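First the structure, in the form of structure tokens, and then the observations on it.
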Amino acid sequence: MHKPLTLAASAVALALAALAPLAAAQAQAWPSQPLKALVPFGPGSSPDQVARIVTEKAGALLGQSIVVENKPGASGNIGTYAIANAKPDGYTFGVSITGPLVNNTLLFDKLPYAPATDLAPLTLAVHQPNVLVVPAGSGIANVGQLLDALKKNPDKYNFPSTGTGTVSHLAVELLLQQIGARATHVPYPSSPAALTSLMSGDTQFGALPPIAVMPMVKDGRLKALAVTSSKRSALLPEIPTLAEAGVQGIEGSAWIGFVISSKVPTDIQKKLSDALIQAIRDPEVAKRLQAQFMDPVGDTPAQFRAYMDDELQRWSPIIKKLGIKGQ
């Protein structure tokens, strides 16, 4: 009576045993075709720049080209969901940042993906301090003057960000909380779009990635007031920190990291992670990143996961206190 079941079980076991070496062979042959790197923000944004610089070298190391594809929208959720929901064969991965990978779990009542379980970290690519800037014609020359203007003119100032829950948003909210001022947050799909709003007068100040603002600081269209890092950036040594300007406790890195669907086999994850880390640590790649005011990292997946856990603890108090919700 039980013999057919026993035979069926034996057949399943044999099938699984036959598949094991096949899966191992597929992983060993990977990659056998071009890869795709998704960017949840627009062309020219800092995540886009990181993706293009790093994947050029990583593709060479893997022996396959890597095509970069932009999928902006919904504070980075659309593109990050596409990474999590991609076919789990390792041929699609991507970059993302604080909001979609960490803070959006608090900002949105429901996400189409769970960052902690649907995405696997590959490596933290870069750190970059956001730069607090104002248009050169604003008449504001330092942080003190900006703070005075904000306190004297409640609700008359707008500030842009690269998305709700990003460092460009939360660092300014924390600044406003500390000085008892108000300003209106206006999220944009990318740093170039946020920068355009500053130059057009739709927004009046902001804390944006240096890759976006420094060219305009250097040509005199913007004035850099401070960086959001805990100490002066070696790449921007002439710009003081907010702490030096008299505002304590505001520290934030506009970091960018590589992630992939957690359903991708771990041996393929490791191959891709190793290639990305090697690429980021390559002297020529590091030089190109530093030219964009980015500090290369290239840490392990476990270290990246731990850092994201730390970021959640860092930013959750201000998100909960202000009741910030995603847009």
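The values are calculated or read from the model by the stated rules, or taken from the named source; none is laboratory data. A quick note: this is a predicted structure, and the numbers were derived from the prediction, not measured. Cβ coordinates were reconstructed from backbone atoms using ideal geometry, including for glycine residues, and neighbour counts include every protein chain displayed.
Taking the residues in the range 159-177 that are of a type in the set (Val, Ile, Thr) and part of a helix (DSSP H, G or I) as candidates, determine which candidate is surrounded by the fewest Cβ atoms within 10 Å (Cβ to Cβ). Per the criteria, the residue is Val172.
Across the range 61-75, the number of residues qualifying as over 24 Å from Thr266 (Cβ atoms), touching a helix residue (DSSP H, G or I) at 6+ places or on another chain (Cβ under 8 Å) and part of a helix (DSSP H, G or I) comes to 1.
If the condition is being closer than 17 Å to His185 by Cβ, surrounded by 12 or more Cβ atoms within 10 Å (Cβ to Cβ) and of a type outside the set (Ser, Thr, Tyr), then the range 200-211 contributes Asp202, Gln204, Phe205, Gly206, Ala207, Leu208, Pro209.
Within the range 141-157, the set of residues being touching a residue at least 60 places away in the same chain (Cβ under 8 Å) and among the small types (Gly, Ala, Ser) comprises Ala141, Gly144. Just one of the listed residues (Gly99, Gly73) is in contact (Cβ under 8 Å) with a residue 12 or more places away in the chain, among the small types (Gly, Ala, Ser) and crowded, with 16+ Cβ neighbours inside 10 Å, namely Gly99. Return yes when Val133 is touching a Phe, Trp or Tyr at 6+ places or on another chain (Cβ under 8 Å) and closer than 17 Å to Ile211 by Cα and no when it is not. So Val133 fits the description; yes.
For the range 76-96, a residue qualifies if it is assigned to a helix (DSSP H, G or I) and either in contact (Cβ under 8 Å) with a residue 40 or more places away in the chain or assigned by TED's automatic domain parsing to the domain that holds Pro187 (or both), and the qualifying residues are Gly76, Asn77, Gly79, Thr80, Ala82, Ile83, Ala84.
Once the range 182-206 is narrowed to residues that are in contact (Cβ under 8 Å) with a residue 24 or more places away in the chain and of a type in the set (Gly, Ala, Ser), the residue that is farthest from Ala291 (Cα to Cα) is Ala183. Just name the residue that is nearest to Gly139 (Cα to Cα) out of those in the range 226-249 that are buried (at least 23 other Cβ atoms within 10 Å of the Cβ) and aliphatic (A, V, I, L, M). It comes out as Ala226.
Scanning the range 140-156 for residues that are within 16 Å of Gly180 (Cβ to Cβ) and surrounded by fewer than 18 Cβ atoms within 10 Å (Cβ to Cβ) returns Gly144, Asp148, Lys151, Lys152, Asn153, Pro154, Asp155, Lys156.
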